[in-house]
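A quick write-up on the structure given underneath.
Throughout, read-outs are computed from the coordinates displayed, never taken from laboratory work. Owing to the predicted nature of the structure, the values given are computational and were not obtained by experimental measurement. With ideal geometry, Cβ positions are generated from the backbone for all residues, glycine too; neighbour counts draw on all protein chains shown.
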Amino acid sequence: MISLICRIKEKSPFENSSGNTVYISPDLAKEISFKNNTKTKLICGGREIDVTVIVCAECPYSQRILCMNRDLLDTLLIPDDIEVEVIFHTSVIKLGPFIGILADKNLLEGYIDGNEFKEKFEIYSDTAKSIGAFAYIFKIKDLDLNKKQVKGWVVEYDDDSNAYLTRKTLPLPDVIYNRSVVSPFSSMNKKLKLLEKLNNSTIIMNRYTRINKLKVAKILSQNKITKKYIPKTFKFKGINDIEKMLQRFDAAYLKPVNGSFGSRVIKVIKDEKYGYAAFYNKDRENIKITGDLESVMSKLKDIMGKRTYIIQQGILLADYHGRPFDMRFVMQKNSKGSWDISWSRSRVASQNNAVTNVAAGGTSISTLKVIREASKDKMDITIEKIKEACIDICNILDKNLKLCDLGFDVGLDKDLNVYLIEVNFRELCRQSNISGEWEGISRCYKQPIYYLKSLYQQEMAKKYSPQN
């Protein structure tokens, strides 16, 4: 197997060239050990076609170019004039990887409408181009499995270098990077399973982005390596659970099993004057409810509704100038498949707030700044403890789920012990525009593409090894 990055061109050296002919230069033929008039299969996405490779001495094109006419490009749904990795095997020419960024309606419309906080799809596309891959964006309904094609979106640039999206019919993806909301029992997941059945070489990363908090806590608390990072967590069944939790800990948190952004999170504590107090944020307003436990829970019915909740041990968080803080880490696999911290930012809670989330009134601040304030002369040791915890958690979750990135909310208690507060399987920090953070944020876009290209290469090496 020989792998080279080649340009795909819509040109034929001869006017009477047949539709299923690929032309290459003598230099390229020598490099890949192909003879003139070689019969082989050309594969792209889920499509393959029998072709004849002609070594053209008069070919005016540079060494690593595959020339074919428009009919052949259209049959394989290959955009003209792209550079991708080409695998030359004894009986196959494989083009790829085609990387599909699976987005939902909100992400796509936010980009098209020019929202300030939007997914910057052009970075995925530009990164893929720089390493011999082709990335496009699609929604799950854009997949046409019967025709083995995708009606996707391709990033292009106008004369002023402004990025925009163009709709094109494209090959099925070799690799999917999921940026949409997918749960194990959703209709989206059913369609992804059909895609895998149709094209068994398709790789799907971050397949599930909605996994309930109770399942995550169970996976991690049952592992001897990660259980020390997990606050006591149970399914919330009623008032007795709060009483039991507050007998052991200073605070109890009630969290929706599937919530995010700190929405509908409630902190409950004992109150010397009123008996109990509950705190939550609604529309950026901090609300406090007091009374006996039954009356407090009755008043919370409107915010809790019929949702399933967990109850979690409250951690007495380390503080920054008197206000508790936690830290958000974006963990991603590098091209070698190892977990790294790509970006981090800390959130300091507003006064009397149950959560630190910026969306709920918290303040964003440098992680190093809050760690330095909290740990003093133990800063280096504390940073290493946090890194170790994040990597441990990633490795355990990755055994159960096929992942390439995660967002973590991590807290330090007063003794600088590390606790996992929440896992975000679809982190949205990369949509931030915080001043001075661009290097880390751009890394969040690039790392998944590097890793997916590496993963594709590993799979192709197995498939087209000399033994095969």
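Along the charge dipole of the chain, which of 265, 327, 124 sits closest to the positive end, that is, farthest toward it, with unit charges on the beta carbon of Lys, Arg, Asp and Glu (+1, +1, -1, -1)?
The Cα lying farthest towards the positive end belongs to 265.
Please provide three numbers in whole Å: the alpha-carbon extents of the stretch 99-210 along the principal axes, with the largest listed first.
Here the Cα extents, ordered largest to smallest, are 43, 28, 23 Å.
Angle between the Cα long axis of helix 121-130 and the longest principal axis of the chain, 0 to 90 degrees, nearest 10?
The two axes meet at around 40 degrees.
How high is the relative contact order of the chain, in percent, counting Cα pairs under 8 Å that sit 6 or more residues apart? Mind showing how you got there, number by number?
Working: 951 pairs, mean separation 60.4, N = 468.
Once divided by the residue count of the chain, the mean separation gives 13 percent.
Work out how much length residue 163 to residue 48 would gain on full extension: take 0.36 nm times their residue separation and subtract the Cα-Cα distance, in nm to one decimal.
38.2 nm
Quick one: which residues, 5+ away or cross-chain, put their amide H under 5 Å from the amide H of residue 265? H built at 1.01 Å from N.
Amide H neighbours of residue 265, under 5 Å, 5+ apart: 281.
Please rank 377, 271, fewest neighbouring Cβ atoms within 10 Å first, as an exposure proxy. Mind dumping the intermediate values first?
Details: 377 7, 271 14.
Sorted ascending by nearby Cβ count, the order is 377, 271.
Pull up the DSSP beta bridges for the chain and report the antiparallel fraction as a percent, rounded to 5.
Roughly 75 percent of the DSSP beta bridges within the chain come out antiparallel.
Less than 15 Å Cβ to Cβ from residue 96, Lys/Arg counted +1 and Asp/Glu -1: what total charge do the surrounding residues give?
Value of the local net charge: +4.
What's the longest piece of the chain with no exposed trypsin sites (Lys or Arg not before Pro), counting a site as exposed if DSSP puts it in a loop and it has at most 11 other beta carbons within 10 Å?
36-223
What list of ³J(HN,Hα) couplings, whole Hz, do you get for the stretch 393-409 from phi and the Karplus terms 6.51, -1.76, 1.60, once you set θ to phi - 60° and write x for glycine and proline?
Couplings: 5, 4, 5, 6, 5, 5, 5, 9, 9, 8, 10, 10, 7, 8, x, 10, 9 Hz.
What are the GluC sites (Glu not before Pro) within the stretch 222-318 that DSSP puts in a loop, where the Cβ has at most 11 other Cβ atoms within 10 Å?
272
Which of 202, 23, 295 sits closest to the plus end of the dipole of the chain, meaning its Cα is farthest towards the positive end, when Lys and Arg get +1 and Asp and Glu get -1 on the C-beta?
295
What is the Rg over Rh value, at two decimals, for the stretch 2-96, using alpha-carbon atoms and the Kirkwood definition of Rh? If you can, show how the numbers build up before the last one.
Numbers: Rg = 11.6 Å, Rh = 12.9 Å.
Radius of gyration relative to Kirkwood radius: 0.90.
Ranking 327, 1 by Cβ neighbours within 10 Å, fewest first, what do you get?
Result, fewest neighbours first: 1, 327.
So how strong a dipole does the chain carry about its Cα centre when Lys and Arg Cβ are +1 and Asp and Glu Cβ are -1, to the nearest 20 debye?
For the chain, the charge dipole is close to 1960 debye.
Which cross-chain or sequence-distant (5 or more) residues have an amide H under 5 Å from the amide H of residue 78, H modelled 1.01 Å from N in plane?
Distant-sequence amide H within range of residue 78: zero hits.
For residue 86, what residues show an amide H to amide H distance below 5 Å, using hydrogens built from the backbone and excluding near sequence neighbours?
Excluding prolines and chain starts, which carry no amide H, the hits are 4, 5, 6.
For the chain, what is the calculated [θ] at 222 nm in deg cm²/dmol (nearest 500), taking -39500 (n - 2.57) for each run of four or more DSSP H residues and dividing by its residue count?
-8500 deg cm²/dmol
State the Cα centre-to-centre distance between the stretch 230-287 and the stretch 84-114 in whole Å.
Between the Cα centre of the stretch 230-287 and that of the stretch 84-114, the gap is 43 Å.
Dipole of the stretch 213-425 (Lys/Arg Cβ +1, Asp/Glu Cβ -1, origin at the Cα centre): which of 278, 221, 390 lies farthest to the positive side?
The one lying farthest along the dipole's positive direction is 221.
Helix 239-248 against the longest principal axis of the chain: what's the angle in degrees, Cα atoms only, rounded to the nearest 10?
The answer is roughly 80 degrees.
Per-residue HN-Hα couplings for the stretch 177-183, Karplus 6.51 cos²θ - 1.76 cosθ + 1.60 at θ = phi - 60°, whole Hz, x for Gly and Pro?
Per residue, the Karplus-derived 3J(HN,Hα) values read 10, 7, 10, 9, 9, 10, 10 Hz.
Give me Rg over Rh for the chain, both radii from the alpha carbons and Rh done the Kirkwood way, two decimal places.
A ratio of 1.07.
In the stretch 79-224, what percentage of the DSSP-assigned beta bridges are antiparallel, given to the nearest 5?
Within the stretch 79-224, antiparallel bridges account for around 55 percent of the total.
Enumerate the calculated ³J(HN,Hα) couplings along the stretch 451-463 in order (Karplus 6.51 cos²θ - 1.76 cosθ + 1.60, θ = phi - 60°), each rounded to whole Hz, writing x wherever the residue is Gly or Pro.
In residue order, the calculated couplings are 5, 5, 5, 4, 5, 4, 4, 4, 5, 5, 4, 5, 5 Hz.
Taking every DSSP beta bridge that has both residues in the stretch 6-156, what percent is antiparallel when rounded to the nearest 5? Walk me through the numbers on the way to the answer.
On the way: 18 of 35 bridges.
So the antiparallel bridges in the stretch 6-156 amount to around 50 percent.
Rounded to two decimals, what is Rg over Rh for the stretch 102-153 when you use alpha-carbon atoms and the Kirkwood radius? Walk me through the numbers on the way to the answer.
Working: Rg = 12.3 Å, Rh = 12.1 Å.
Here the Rg-to-Rh quotient is 1.02.
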